[in-house]
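Single-structure report; data block below.
Every number in this text was worked out from the coordinates using simple rules, so none of it is lab data. What you see is a predicted model; the values in this text were computed from it and never measured. Cβ placement follows ideal geometry from the backbone for every residue including glycine, while neighbour counts extend to all protein chains displayed.
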Amino acid sequence: MSDFEPKIVAFVCNWCTYAGADLTGTNRMKYSPRVTIIRFPCTGRIDFMLLLKAFANGADGIIVSGCHPNDYHYSSGNFHARRRWIVFRGLLDFLGIDVRRVQFSWVSAAEGAKWAQLVDATAEQIRQLGPFSGYHKLRGAGVE
Amino acid sequence: METEKKLIGRGELEKLFSHWRSKGKRILAPKKIGAKIDFAAVTTLEEVCLDQVQTVQSAKTAVFPRVEELFSFKNKDGRVEIRERDQGALPETVIFGLRPCDDAAFAVLKAIFNWDSQDPLFSARMEKVAVIGVSCPRADEYCFCTSAGGGPGGTTGSDILLTEIAPGEYLAEIISEKGRVLAGEAAGLKPCPASVSKEAHLAKVEPVFALERVAPALARLFDDNAFWVEQSLRCLGCGACAYVCPACACFDIQDEGGGSGQRLRCWDSCGFGLFTLHTSGHNPRPVQSQRWRQRLMHKFSYMPERQQVLGCVGCGRCSRACPVDMNILEHLRSVAEAKP
Amino acid sequence: METLRNKARELLASKTVQMVIGYGRGSGEAAPARAVFIRAAAEAESLIFDASCQQNLAVYLMKPEVRQLGKAALVATPSALRTILQLAAENQVKDHDLLALAVDAQGEVTPLATLQTIEAHVAALDCNLSAGEKTELQKYVALDPEQRRQFWQEEFARCLKCYACRGACPLCYCSRCTVECNQPQWIPVPAHDLGNLEWNVMRAMHLAGRCVNCGDCSRACPVGIPLYLLNQRLLSEVLANFNFRSGMAAKADNAMSTFKPDDPEDFIR
Amino acid sequence: MSMADSFKPYLMKIEQISDETPDVKTMRLVFSDEREGKNFSFRTGQFGEYSVFGEGECTFCIASPPTRQGYIECTFRKAGRVTSALSGLEPGEIIGFRGPYGNIFPISDWEGKNLLFIAGGIALPPMRSVIWNVLDLRERYGNITIVYGARTVADLVYKRELAEWAGRSDVKLISTVDPGGETPDWKGEIGFVPTVLGRAAPAIASRDTVAVVCGPPVMIKFTFPVLTKLGFKPENIFTTLENRMKCGVGKCGRCNVGKYFVCKDGPVFTFAQLKDMPQEY
């Protein structure tokens, strides 16, 4: 398992986390290269179906991140998103899907260091959990 | 081929199961799954349930699976490669313990898939399937095989039909060449005395409507919107009836897997609004009453005329599975009895 | 039962409503009762109400060909009453669109002509999960995640994608369901393992904060998948985290499209 | 046809793409495998299933005439999942094609007769095949009249070919746009197709004339009475139907109009046949 390098997809908002991740880069901070960032206008746009698609397409772990509450570009999208994450997490857990594979976070445009820590910590967590082969194997299963 | 009659005991059947298993054959038979009884892969006779009147689903999955690959493809760097299925790899299957109505349904499926041209995948699967039916000692209020041209001891579509004439003792009617081959694999088949008859061991299923009146009545009723609205008010527009039906074979074709994927064939149902919806938004059957009408017309009017076969075997599954009790038997009766 | 029939006769004779949607005898063992659409006082004698009458008849309020028949009186179980309120909250039914005939296990019939009276009636009901439901749900919550995963995988593997669950659900009224949207293709069309999981996750999520736990999805499922467990789990989640219950008020925000600034976020880094 | 029956398509290379309108394109397709191309034949009126691998199949007629060999053409509007994907392809890319399917326009029966073609909007493509087919065999037919209309000038497809037909002395082309759809330099007619047809009536003889009508249901609905009034017999009016299809070979169960399969018994039907068919199209 030690040579397993996880595939992580990060769904982030344009205004805070994406800018934060950018800051990480301009500050020349190093973090795990295992993450693929997908930028959204707002965390409110990050539908749970996108997360499922990421897993189906081979992701081992997912990061979802946006602006801190009350420090937000569109005033309330992240509050809405938070509600959906709560319920979606509850559903994943009930379906026996390990919720440690989905990491939610708030990372502001000023938190370049936090972004680096978040990615590293998530990568480490997923490395320990191993590849999400149970989910990946669903693809193609049930076709005769 | 002339039907041959033999006697076979449960012990012999058990041996046959292990023989098939040793040959690597898949055995599909009614099995208890949760609170329901349905066809599933089994390995021993022990697992098989024969007490039920009917299983929830039919055995059509053996020849027309919910989802099957037509072919796979690779679309890369401007080149496309198509890989056709290896039909030799399709599983040799024995379907055991299905009722005579289900056996008869294979003839309906053949008519649908092969009426104008052969469907190669269906035909290849069909080729590898042997059918051992068990006639019906009991029926319920949803059964109407005798109104749909069949019967509780009907042999159409079976390779071998078993009738339990005493506990653990079966009369085996060997109907087809495939049946003869199967029977040849069984040691200890006993000759059947002429005095043995299955009739006494069959359920009584009284005919409930006159089939010959249905098609002409349907043709007459086609434009009677009020009639169809009334018939279908309860209908929720789901596909449960079509999916449990042994003779429904409408399908969809879907691509999956992006540039390197599969073209799949999967079940579809005329009950869905999407079934006929044009891309423009126009729908030739925009409301549920028209979709329900299509279901009856297709099975009882169009198929008899175009494919020379009734699209229904009277198993009653659709009525049992319907969440809102759309009982097809009642509907057919009211069609047959509708005044000209 | 006679009270119900008399009420129906009176409503139809006085033309207060054009139709009574209620329960009549079903055709056999698989369906002891079924929906009937009574349009003449003389037909009211076919109405029944007993323990076998379980379907949430509010599903027909959203069906175009039933709606065309005019104003309805709806024989409404507690679940159906809550459904009516939830539909009202979602702007699908208006006050005076229908008349509810609330029925209970004792055979009492309470005509409720306005959404306000339905609210008052529902407020007096116990809308919590029953003790039996809680125990059963807890049984699954207590399993270890791998066992739960296996359980659901086996259950979903049987799913035929017949959409009986969707058809039976009075809150699945979208004229074009997500499964019918193919640009992009959100949910795979075929009933294979991935398609079945995604469909069932999507169905549960889209009902979160809306489902009133009538159980019709599970009763409709021909292969017996216990979909109610998913719904109950999510409504418990919504209640515990947001103190919100669906189908209690005719004017209410949707739990999933609103928020409180202090919603829990202990899981967010 | 064993290849088509297994649902395995021919691989076709996109040779050329023409933009007809902002969302309508015509593609010229050639067989990747030359041998398959040599063995392939079709007749006018037939259709096929075109596929983008990974997206799926969709149904259109073959818009080129069988008299032009070595390629087939299709014209489609970007509307659904597959046509959107198709729209994004470039020349040189490979798509799938199954066919030909369905029946034909019986053009050999029409020899010696006058022909009247009436089309609306995106329904010109199936008619383009038969128009070029008879134009390529021009001496076998009498007068040829084409009435073609679209909502606006921008929606007219095959503009270059319309200009070519307009310039020919052996074809009479009447093109029209719906009121309000004209541009300042529009020189054709203004009005709905059935109205324009009525106006042009004196020039159209119904005796010894076959009419072919393709268009949206509403255009067809109002065109038939005009033709009937002109004296056309129902069996001399042809149209081609479209319904949602998946298999193209009479099995998948969704394209039927009553007991008729649009994919097997059609897509070409006469008005005489349509009169006996339910309104399920």
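The relative contact order of segment B:1-60 comes to 27 percent, based on Cα pairs under 8 Å that sit 6 or more residues apart.
Between C:A142 and D:D170, the modelled labels are 9.0 nm apart [label points 7 Å from Cα along Cα→Cβ].
Across the residues of D:254-266, average count of Cβ atoms on other protein chains within 10 Å?
Rounded to a whole number, the mean comes out at 4.
Entry note, the protein assembly as shown: the mean residue ellipticity at 222 nm calculated from DSSP H runs of n ≥ 4, each adding -39500 (n - 2.57), is -9000 deg cm²/dmol after division by the residues and rounding to the nearest 500. Counting only lysines at least 8 places from C:K7 when in the same chain, those with an alpha carbon closer than 20 Å to its own are C:K15, C:K71. In the elastic network of chain C, a GNM with C-alpha springs shorter than 10 Å, the most mobile of C:P170, C:P32, C:P184 is C:P184.
Estimated translational diffusion coefficient (Stokes-Einstein, Kirkwood radius over Cα pairs, 37 °C, 0.692 mPa s) of chain B: 153 µm² per second.
Taking packing as the residue-averaged number of other Cβ atoms within 10 angstrom, the listed peptides C:75-81, D:168-174 run from highest to lowest as C:75-81, D:168-174. Peptide C:25-37 is shielded by partner chain Cβ atoms: per residue, an average of 5 of them sit within 10 Å of its Cβ. Ranked by the mean number of other Cβ atoms within 10 Å per residue, highest first, peptides A:52-64, A:119-131, C:256-268 order as A:52-64, A:119-131, C:256-268. Within straight-line reach of B:K31, meaning a Cα separation under 17 Å, sit the following aspartates and glutamates at least 8 residues removed in sequence or on another chain: B:E14, B:E46, B:E47, B:D51, B:D102, C:E154, C:E155.
Helix D:217-229 axis versus longest C-alpha principal axis of chain D: approximately 40°, rounded to the nearest ten. Put the Cα centre of segment B:229-272 next to the Cα centre of segment C:131-180 and the gap is 20 Å. Per residue, the average separation of C-alpha pairs within less than 8 Å and at least 6 apart gives segment C:131-244 a relative contact order of 29 percent. With a cut-off of 12 Å between beta carbons, the residues surrounding B:V309 carry a summed charge of +2, where Lys and Arg count +1 and Asp and Glu -1. Pairing the Cα long axis of helix A:77-94 with the longest principal axis of chain A, what angle in degrees results, from 0 to 90 and rounded to the nearest 10? Taking Cα atoms only, the helix is inclined about 20 degrees. Mean separation of Cα pairs under 8 Å and 6 or more residues apart, divided by the residue count, gives chain D a relative contact order of 17 percent. Other protein chain C-beta atoms within 10 Å of residue C-beta, averaged over A:64-72: 1.
Hey, which of these cross-link pairs are over 24 Å Cα-Cα: B:K60/B:K190; A:K7/A:K30; D:K229/D:K275; C:K63/D:K221; B:K6/B:K110? As for pairs spanning more than 24 Å Cα to Cα, those are B:K60/B:K190; C:K63/D:K221; B:K6/B:K110. Principal axis extents of the Cα atoms in segment C:2-123, from largest to smallest and rounded to whole angstrom, are 36, 28, 27. Straight-line reach from D:K25: taking Cα to Cα under 20 Å and skipping same-chain neighbours fewer than 8 places apart, the lysines in range are D:K13, D:K78, D:K159.
Centre-to-centre separation between the Cα atoms of segment C:31-78 and those of segment A:20-35: 62 Å.
Each label point was placed 7 Å from the Cα along the Cα-to-Cβ direction; for B:S197 and C:A40 their separation is 4.9 nm.
FRET efficiency for the pair D:E111 and C:Q185, taken as 1/(1 + (r/R0)^6) with r the Cβ-Cβ distance and R0 = 56 Å, rounds to 0.70. Taking the centroid of alpha carbons for each part, segment B:44-108 and segment A:107-128 are 48 Å apart.
A Förster distance of 25 Å, applied to the separation of the beta-carbon atoms of D:A200 and D:K275, puts the FRET efficiency at 0.50. For the protein assembly as shown, the percent of C-alpha pairs falling in each 20 Å distance bin, counted from 0 to the bin holding the largest distance, reads 11, 36, 38, 14, 1.
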